[in-house]
Amino acid sequence: MDNRIAMMLFFTLLILASSSCQREDNQILTSCCGAPGIPGVPGTHGTIGGPGRDGRDGRDGSPGASGSKGDSGEPGMSGARGLLGATGPSGAQGNKGEQGDCAVPPRSAFSAKLSASRSPPIPGQPVPFGKVLANEQGHYNPETGRFICVVPGLYYFSLHGTVYRGSLHLQLMKNGHPQASFFQPGDGTRPGSLCGGAALHLEPGDEVWVQLGDYPGLYASDGTDSVFTGFLIYSDWDPHPVFSPLKSPDL
């Protein structure tokens, strides 16, 4: 009860003080001030304001440290093929090269004649035509009278024998077997001649020679000759060119 009376007296004094400080024109005197009022009820929060303007650009920072290497990515798809480029200019001409080896066809040929002797050749044995007329490749051995094949192919062999003091029988032999036989009778009064020849196919290592048969009337002197000749017609090698000299086997 006392509190209510006290509150009423407080508001009464407050009204009287306010009215005494007013003029007739309701202007508040500058020398008059009232007691502080009771704090008002707190207001509600206002709405959020809009973003402010951008600030001024700052200075560039120092470069950062390099990061670790990342994993390799998957291979990409191949791009489309580009257009053909223009032809470049011709290069300078090079120096002339060294001359190369010239291919030559295989060769094999010989010719030899019988030496004059007091003793005639032995029948059944190779006749040693000892005076060489041609033997560039060395495929004929004048000491043994044997031709040894180095180049395979077809050969032609010819023989000319002087017949005197009896009939003559000659055989063309290949590896110990007769290939052709030739006979010429003699009258014993004047020299005669025997001519013959044959083509033989030979393989490397084959041997060809001439030997006396049943009639050994082969003769040679300073004025008459007996000659054995052979040469390659064509080789079995295909192609034929040979780039190095042929080497004959040991004779």
- Item | Extreme residue, modelled with the lowest pLDDT, among residues of the stretch 53-106 that are touching a Ser or Thr at 6+ places or on another chain (Cβ under 9 Å) and surrounded by 10 or more Cβ atoms within 10 Å (Cβ to Cβ) | 105
- Message: Within the stretch 146-171, take every residue that is within 13 Å of residue 227 (Cα to Cα) and modelled with pLDDT of 95 or more and give me the one that is most open to solvent (accessible area, probe 1.4 Å).
- Response: 158
- Task: Being at pLDDT 95 or above and out of contact with any Leu (no Cβ under 8 Å at 6 or more places or on another chain) is the filter; apply it to the stretch 111-138 and report the residue that is surrounded by the most Cβ atoms within 10 Å (Cβ to Cβ).
- Result: 135
- Residues of the stretch 174-223 being assigned to a loop (DSSP other than H, G, I, E, B), open to solvent by less than 60 Å² (accessible area, probe 1.4 Å) and over 22 Å from residue 125 (Cβ atoms), in sequence order, are 188
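The values are calculated or read from the model by the stated rules, or taken from the named source; none is laboratory data. The model shown is predicted, which means the values in this text are computed figures rather than measured ones. Cβ coordinates were reconstructed from backbone atoms using ideal geometry, including for glycine residues, and neighbour counts include every protein chain displayed. These area figures cover heavy atoms from the full protein model, side chains too; ligands, DNA and RNA do not enter into them. Shrake-Rupley method; radii C 1.70, N 1.55, O 1.52, S 1.80 Å.
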